[in-house]
Structure formats: C-alpha cells, structure tokens
Amino acid sequence: MTVVDREIELRLVARLKAGDPAAFEAIYEAYRPRLFGFLVRLSRRRDVAEDLLEETWLRLVSRAATLTTDARLAPWLFTVARNLYSSWRRSRAVDATRTSDLDPAWPAPERGDSPFDAAARSELERRVEVALARLPLPDREVLLLVGVEGLTPSEAAGICGLSAEALRARLHRARERLAAAMGTSRAELRAKAG
C-alpha cells in the first residue's frame, strides 16, 4: 500500500487545483492500485471496477478546483469510489441477495502479475479473499477500508457516512464474521497473519 506523505499530499492538491497535469499523474500513480483493489473487491467484477475507477478519476479532474487546500486525498477518492459503486448497484437493481449468490472466487485472474495473483499466492490470503467475498457488503466495505487500505476508522466512518462509534461497532462485527467465515477465531486469525 502506498501512503502519500502529508506535505507531499498538500502540494499535490495545490498543484491539482491549479491545473497541473503532472500532479494528477502523481495522484493517479499513488492511488490507482488501491482504488482498483477496493472497487474490484466490492463489486467482485473486474469490468465494473474498471468503469467505476475511470469515473472516479473523471470526478477528481472535474472537481479539482473545488477541493479544499487541506483536502485528504485518500478519504476523498475512496468516498467518490464508494458512492459510485452504490449508485451502480442501485441503477442495476442488484440487491444483496443476488450479489451474495455470486461466485466468491471473483473474476478469473489474468496472466501475469495482477494484484489478485500476488494476494492469492499464500493460502491464508486466498482463504481471506474467499471469506471476504462472502461477507455482506457493509462488512466487506469496512474491512477493505480499514484493514486493507489502511484508512483510520474516523476516515472510514466519514466515507461510509457513519459516526466513529458506529464504524467501530461495524468493524468489530465484520472482523468477527470474517473469522467465523474462515472457521477460526479472531485471535487465531491475527496470529496466522503474523
């Protein structure tokens, strides 16, 4: 996971607001893999994730001038990506019952070094991916934002439109459900993750 230093982030935001294409490129390179991983795990469809990722970047470009000078890029980008995914689900009338029946193995990996190939190399990571795909969307979402993307619970709460307390409770339940889906306890899961 790439984490952008706060001082660099502030300079990138200022340059992006001024219309500097190099700033967009730097932001794109820093956040593209994380956003794609988040969207593909939410949607479990590579084609949908690619479309939503493209739309996320279009939103950044079209709204760059309106960003505040102290904008935090990760929460802003993940909020946009999450909202686009929610809109896609609503527009397709895909309810939770139908999506939970989808194959949790999610799109077949491409040849080469895709992010999914790298993550699936270890057995534990493969099991986590399968169990994660089977979780209800709200659980999957908070685990991805906090556990995978490394956002703080308060940042994730803002993205999900929840209070910090509600997010912590959801995160706790999601971790319990993930452990149960894997047939292990949270303590055993933490120990295996090292």
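Give the relative contact order (percent, whole number) for region 1-94; include only Cα pairs under 8 Å separated by 6+ residues.
Relative contact order, region 1-94: 35 percent.
Any idea of THR79's accessible area? Nearest 10 Å², probe 1.4 Å.
Only protein atoms counted, so the area is about 40 Å².
Order these peptides, 53-61, 142-150, by their mean beta-carbon neighbour count within 10 angstrom, highest first.
Answer by packing, highest mean first, reads 142-150, 53-61.
With Cβ to Cβ distances under 10 Å as the rule, what net charge do the other residues near VAL142 carry (K, R +1; D, E -1)?
Its environment carries a net charge of +3.
For a quick protection proxy, order the peptides 40-50, 17-27 by their average other-Cβ count within 10 Å, most packed first.
Answer by packing, highest mean first, reads 40-50, 17-27.
Of all the accessible heavy-atom surface of region 1-85, with the other protein chains kept in place and a 1.4 Å probe, what percent is carbon and sulfur?
Carbon and sulfur together cover 53 percent of it.
Just the number, please: carbon plus sulfur as a percent of the accessible area of region 129-177, 1.4 Å probe, no ligands or DNA/RNA counted.
Roughly 52 percent of what the probe reaches on region 129-177 is carbon or sulfur.
Where does each of LEU162, LEU35 land when they are ordered by accessible area, with a 1.4 Å probe and the largest first?
LEU162, LEU35
For TYR28, what accessible surface area do you get with a 1.4 Å probe? Give it in Å², rounded to 10.
70 Å²
Cβ under 11 Å from THR66's Cβ, THR66 left aside: what net charge do those residues give with Lys, Arg +1 and Asp, Glu -1?
Charge balance near THR66 sits at +3.
Determine the equivalent ellipsoid of region 1-84 by diagonalising the alpha-carbon gyration tensor, then write out the semi-axes as square roots of 5 times the eigenvalues, largest first, rounded to whole Å.
Equivalent ellipsoid semi-axes, largest first: 22, 13, 11 Å.
Give me the extension gain from ASP20 to ARG92: residue separation times 0.36 nm, minus the current Cα-Cα distance, reported in nm with one decimal.
Answer, rounded to one decimal: 22.3 nm.
The values are calculated or read from the model by the stated rules, or taken from the named source; none is laboratory data. Only a predicted model underlies this, so the values are computations on that prediction, with no experimental measurement involved. Using ideal geometry, Cβ is built from the backbone for each residue, glycine included, and neighbour counts are taken over all protein chains shown. Areas reflect the complete protein model, heavy atoms only, side chains present, ligands, DNA and RNA absent. Shrake-Rupley method; radii C 1.70, N 1.55, O 1.52, S 1.80 Å.
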